[in-house]
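S.K.: I have a structure I would like to understand better, so I am pasting it below and will then ask my questions one at a time.
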Amino acid sequence: MNGWIGRCLRVNLTSGKYGIEDLNKDVIQMFPGGRGLAVKIFSDEVSPLTDPLSPDNKLIFSSGPMVGTGAVTGASCNVVTKSALTGTLACAKMRGHFGSEMKYAGFDIIIIEGKAESPVILSIMDDKIRLMPALEYWGRSTSQTEDMFKESLGDQWIARETFLVTIGPAGERLLPIANIINDRFLSVGGAGIGAVMGSKNLKAVAVKGQHSIEVADGNKFVQVVNTMINKLNSAPLTSQSMTQWGTAFLVGLCYQKKIIPGNNFQRSSITLKNIGAEALESAFALRSRGCFACPIACIKKTEMKHSSYEGKGMVPTYLAIGALGLNCGISDLSTIGTASMLCAEMGLDPVATGGALATAMELVEKKVTSTEELKLDLEFGNGNGMLEALKLVSTKTGPAQKLGQGAKALAASFDRADLFMGVKGMSMSPFDPRAIQGMGLHFATSNYGPHHLYAYTFIDELLNVNENMDPSAIEGKPALTKLYQDITAVMDSLGLCNWPLMGLKFKNFVPLVNSCLGTGYTADDLLLIGERVWNVERLFNMKAGFDGSHDVLPARFTEAPLSGDDGEKHISRVREMLPEYYNLRGWNEQGKPISETLEALGLEEL
């Protein structure tokens, strides 16, 4: 099978047994790996009404067929389950090297079922599969867990080739805002997944292997890869901006357009002093790190030296600067970087955690509560208070325990649901929907909650890579939102990163896919796959109790205007865009897929 190992590992933690299954070739034609295959299997095997923290919930790790082949940015592994935070489907998008090493270890997909009696680590090392006791790892941070496991291998070279995904204390204590961390400090998307992994007493998964992966047409494949690398190396955004600063280069642009929020989305950020991309170089010693087969190398490593965290770390990304920085009124890069690393160490989702912190700060600002009552010094702009709170969040005891439940629960506990800036129970990524309309529509309709990594509309709304679009306008935004949602779904399924879309067009990936898999896809064929995945996710969520009434943004964005550069007052116009979006999706007025749409996508049985 070109691009595939062709095997699935199914592990039952309750019995301690595992089995190896062949992949269903008919299924992977419709859902070619990664996110799509995981979503299909999950929706077939798990009831939408399942309690996310019960043994009946499953955790599925799935790498796409392009992962590990040497395809440009073919490194993405997805983890799908039912979120302990939202109750919807959840998907973590893991970068780095875990996904490729998982395939080299012999598996395209790993399905975790049941619950271990006591903490365990699933080890898959050169075809040897073991469930190892992990009591000595329980309570450890994610980096301590990785270091201890690698030291236990007794061989530094084997350790270098071994990659882990772990949970921290937040996941062990089943906090709804817990995430999983891979390759030491990478955390992307997936709030609530860490709690699911913790509920199964699964501390980590370690992979290492020597299996090989074949491609259909090696000569053509190498030619296409070289052509794509040349394009990326000549495109300004992928050869300069991302390579030099990573996603933090977006901070300046979003600041200019009033997209990056301040103080729990009450206004656009009012300061960029010492926080823009150039400031990173004076605050940190930047070293680039690329994911598997990626020429962009947008991950920026550094040595962190702060009283709250010292050691190897990652330079703050746009997401960290927005969610843990400016939206909390904090502009000190050292503090933001430390907060980001504390989230990684404790296994906390940075978006959900930042949203909870910002909500608490607004509750204090509006005198709904006080720092004395909270026993936490949480006020906008107080970086030291934020760091102290972060250290306590994962304890699930004392004054910080409410923060660990997420922003929605925190706001509701004070009878101020209006201060929760999120959708479907999840806090929003730091893009103000009043200033970037397409992203606002995506936030309202996203199957996983309002995270920007599931529809990169800013590529055209802000960066104007393919079209010169005004972010504050709504014309063309329903079509743009659907397009990027479908593109992201299929690229996640194939195992390809979406960041190269800043330098490549989607159609540039078609010959890469075909030369690898031996297929004859067109760009439209691939987009149809993405649309199919999006609809399966939508249907699962609807059976879990979500419908069109949940495709809404908080009233702040539709009723409290934001001043734009043009002097106009802007609100999110998501309500105006929804009917056209539903129509383009082939859904009825309530946001439900109609039978003709499901038939066209080959989903009649759903």
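We did not get these values from a lab; they are worked out from the coordinates using the rules stated. Keep in mind it's a predicted model, so treat the numbers as computed, not measured. Backbone-built Cβ (ideal geometry, glycine too); neighbour counts: all protein chains shown.
S.K.: Calculate, axis by axis, the spread of Cα positions in segment 473-558 along the three principal axes, and write the results as whole Å, longest axis first.
M.R.: Over segment 473-558, Cα extents along the principal axes are 47, 33, 19 Å.
S.K.: On to the next question. Select from 262, 285, 274 the residue farthest towards the positive end of the dipole of segment 247-306; place +1 on Cβ of Lys and Arg, -1 on Cβ of Asp and Glu, and compute about the Cα centre.
M.R.: Selected residue: 262.
S.K.: Based only on Cα atoms, what Rg/Rh ratio does segment 89-209 have, Rh being taken as Kirkwood's radius?
M.R.: Expressed as Rg/Rh, it is 0.93.
S.K.: Then there's this: With a ≥ b ≥ c the root eigenvalues of the C-alpha gyration tensor of segment 195-337, is it rounded (a/c under 1.5), prolate (a/b larger than b/c) or oblate?
M.R.: oblate
S.K.: Of 417, 383, 358, which is farthest on the positive side of the dipole of segment 348-423, counting Cα position, with +1 on Lys and Arg Cβ, -1 on Asp and Glu Cβ, and the Cα centre as origin?
M.R.: 417
S.K.: I'd like the distance between the alpha-carbon centres of segment 140-177 and segment 332-369, rounded to an integer number of Å.
M.R.: Using only Cα atoms, the two centres lie 24 Å from each other.
S.K.: How big is the C-alpha Rg of segment 259-388 next to the rule-of-thumb value 2.2 N^0.38 Å, as a ratio? Don't skip to the answer; put the middle values down first.
M.R.: Values: Rg = 15.0 Å, N = 130, 2.2 N^0.38 = 14.0 Å.
Ratio of Cα Rg to 2.2 N^0.38 Å: 1.07.
S.K.: Let me ask something additional. Contour minus end-to-end for residue 550 and residue 222, with contour as 0.36 nm per residue of separation and end-to-end as the Cα-Cα distance?
M.R.: Additional length available on full extension: 113.5 nm.
S.K.: As I understand it, the dipole of the chain uses +1 on the Cβ of Lys and Arg and -1 on the Cβ of Asp and Glu, about the Cα centre. Which of 213, 522, 159 lies farthest toward its positive end?
M.R.: After comparing all options, I get 159.
S.K.: Roughly what percent of Cα-Cα pairs across the chain reach past 36 Å?
M.R.: Cα-Cα pairs in the chain separated by more than 36 Å: 29 percent.
S.K.: Once you put a point 7 Å from the Cα of residue 596 and another 7 Å from the Cα of residue 370, both along the Cβ direction, what distance in nm separates them?
M.R.: 6.3 nm
S.K.: Round to the nearest 0.05 the FRET efficiency obtained for residue 523 and residue 287 when R0 = 35 Å and r is the Cβ-Cβ distance.
M.R.: Computed FRET efficiency for residue 523 and residue 287 comes out at 0.45.
S.K.: Something else now. How large is the helix-only mean residue ellipticity at 222 nm for the chain, computed as the sum of -39500 (n - 2.57) over DSSP H runs with n ≥ 4, divided by its residue count, in deg cm²/dmol to the nearest 500? It would help to have the intermediate numbers written out before the result.
M.R.: Details: 24 runs with 222 residues, N = 606.
Value at 222 nm, helices only, nearest 500: -10500 deg cm²/dmol.
S.K.: Please report the spacing between the Cα centers of segment 1-72 and segment 100-119 in Å, no decimals.
M.R.: With segment 1-72 and segment 100-119 each reduced to a Cα centre, they are spaced 10 Å.
S.K.: Return the subset of 58/82; 300/391; 17/40 for which the Cα-Cα distance in this structure is over 18 Å, preserving the input order.
M.R.: In this structure, 300/391; 17/40 lie more than 18 Å apart at Cα.
S.K.: Still on this structure, I have one more. Need one word for segment 437-600: rounded, prolate or oblate. Basis is the Cα gyration tensor (sqrt eigenvalues a ≥ b ≥ c); a/c below 1.5 gives rounded, then a/b vs b/c decides.
M.R.: oblate
S.K.: Once you've got the Cα coordinates, tell me which of 93/408; 103/200; 208/543; 128/203 are over 27 Å apart.
M.R.: With Cα atoms farther than 27 Å apart: 208/543.
S.K.: Given charges of +1 on the Cβ of Lys and Arg and -1 on the Cβ of Asp and Glu, with all other atoms neutral, how large is the dipole of the chain about its Cα centre, in debye to the nearest 20?
M.R.: 800 debye
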